[in-house]
Amino acid sequence: MIWFIRHGVTDWNEFVNSKGEHDPKMQGSVDIPLNDRGIAQAHALATQLEGKHFDMVFCSPLQRARQTCEIAYTGDTRVVFDDRLKERCFGEFEGMLKSEV
């Protein structure tokens, strides 16, 4: 069985524009950390992963993914941080609001 787990949320995921609307920023390869809600999500995930064994664990080295993995995964299998799992670069769109793209 293969598990795919997305990182917890960041401030850019939850960004609210000047009109008060949820309008996430394009993250791409920008290395944004988890916010408090994302950290809480990772802790909630940890309870779901309790007792699960994984033969291999791979993770993006971007801090939002790394933080999620380090909080949620407490097993004894070594985590391999692999650049090939980084989110793609969106170039000049990174940091822009989705409504602007």
Pairs, first in a loop (DSSP other than H, G, I, E, B) in segment 2-16, second open to solvent by 80 Å² or more (accessible area, probe 1.4 Å), C-beta under 8 Å, six or more apart: G8/R37; V9/R37; E14/H22; E14/R37; F15/H22
Candidates V9, V30, filtered to the one that is open to solvent by 40 Å² or more (accessible area, probe 1.4 Å) and either more than 16 Å from E70 (Cβ to Cβ) or among the aliphatic types (A, V, I, L, M) (or both): V30
Residue match in segment 89-96 (condition: within 23 Å of A46 (Cβ to Cβ), modelled with pLDDT of 95 or more and open to solvent by less than 50 Å² (accessible area, probe 1.4 Å)): no
Residue among K52, K25 that is of a type in the set (K, R), more than 13 Å from R6 (Cα to Cα) and open to solvent by less than 70 Å² (accessible area, probe 1.4 Å): K25
Test: residue in segment 44-60 that is under 14 Å from the mean Cα position of the chain (by Cα) and part of a loop (DSSP other than H, G, I, E, B): yes
Any hit, segment 42-63, residues being touching a Pro at 6+ places or on another chain (Cβ under 8 Å) and at pLDDT 95 or above: yes
Close pairs (9 angstrom Cβ cut-off, 6 or more residues apart or separate chains): farther than 15 Å from G51 by Cα and among the acidic types (D, E) in segment 65-82, assigned to a loop (DSSP other than H, G, I, E, B) and open to solvent by less than 40 Å² (accessible area, probe 1.4 Å) anywhere: D82/S60; D82/P61
Unique residue being among the small types (G, A, S), in contact with a Gly (Cβ under 8 Å, 6 or more places away or on another chain) and buried (at least 17 other Cβ atoms within 10 Å of the Cβ) when the list is A65, A42, A72: A42
Members of segment 22-56 found to be touching a residue at least 60 places away in the same chain (Cβ under 8 Å) and either among the acidic types (D, E) or in contact with a His (Cβ under 6 Å, 6 or more places away or on another chain) (or both), listed by number: D23
S29 vs. criteria assigned to a loop (DSSP other than H, G, I, E, B), of a type in the set (S, T, N, Q) and out of contact with any Phe, Trp or Tyr (no Cβ under 8 Å at 6 or more places or on another chain): no
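The values are calculated or read from the model by the stated rules, or taken from the named source; none is laboratory data. Given the structure is predicted, the values throughout are model-derived calculations rather than measurements. No Cβ is skipped: glycine too gets one built from the backbone with ideal geometry, and neighbour counts run over all protein chains shown. All accessible areas refer to the heavy atoms of the entire protein, side chains included, with ligands and DNA or RNA removed. Shrake-Rupley method; radii C 1.70, N 1.55, O 1.52, S 1.80 Å.
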